[in-house]
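Some notes on the structure that comes next.
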Amino acid sequence: MNDRANPLLLVTIGAGAGVLSGLFGVGGGIILVPALVLLAGMVQSSAAASSLAAIVPIAVVGAVVFGGADNVDFVAAVVVAVGSIVGVQAGAWAMPRVGDDRLRAAFAVLMIAVAAAMLLS
């Protein structure tokens, strides 16, 4: 844990990410990473890595709840997971080579592009 991060703040960030994950299917990159950087004072690389670790239980609980309501396409989820397992290794290899400043800027551009695409769709 970042020595500047207050545990109560982290629980609050987690609760917010959990609510938004359940509502919109988001949480890791869209909510946790910016919150950990902006509110908890983490560097971009630590926030991204911590988000990946934190999203595991969020995703499991969400899959169980939504799966119980027959809202999960488990075949699609497994196929996406296979691709993600390969892709995350490439991203984790690249992250320390990019640097926090460029990583933060690239992440901001990605968020803007995703937001624009969602608004236009």
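Within segment 1-74, considering only helices (runs of 4 or more DSSP H) that don't extend past its boundaries, which have at least 2 residues that are free of Cβ contacts under 8 Å to residues at least 60 places away in the same chain and in contact with a Phe, Trp or Tyr (Cβ under 9 Å, 6 or more places away or on another chain)?
Working: elements: 7-24, 33-38, 44-68.
Here the list reads 44-68.
Just one of (1) within 14 Å of the chain's Cα centre (by Cα); (2) at pLDDT 90 or above trips up Arg97, so point out which.
Status for Arg97: all satisfied but (1).
Could you tell me which of the residues Gly67, Gly91, Gly83 is within 24 Å of Ala5 (Cβ to Cβ), small (Gly, Ala, Ser) and either at pLDDT 90 or above or surrounded by 10 or more Cβ atoms within 10 Å (Cβ to Cβ) (or both)?
Numbers: Gly67 fails: within 24 Å of Ala5 (Cβ to Cβ); Gly83 fails: within 24 Å of Ala5 (Cβ to Cβ).
Unique residue meeting the criteria: Gly91.
Taking the condition of being of a type in the set (Ser, Thr, Tyr) and either more than 17 Å from Val98 (Cβ to Cβ) or at pLDDT 95 or above (or both), how many residues in segment 16-49 meet it? Write out each step before concluding.
So the first thing to find is which residues in segment 16-49 are of a type in the set (Ser, Thr, Tyr), and the list is 21, 45-46.
Those left that are additionally either more than 17 Å from Val98 (Cβ to Cβ) or at pLDDT 95 or above (or both): 21.
Count: 1.
The values are calculated or read from the model by the stated rules, or taken from the named source; none is laboratory data. Just so it is clear, the model here is predicted, and its values are computed rather than measured. Every residue, glycine as well, gets a Cβ built from its backbone with ideal geometry; the counts of neighbours run over all protein chains shown.
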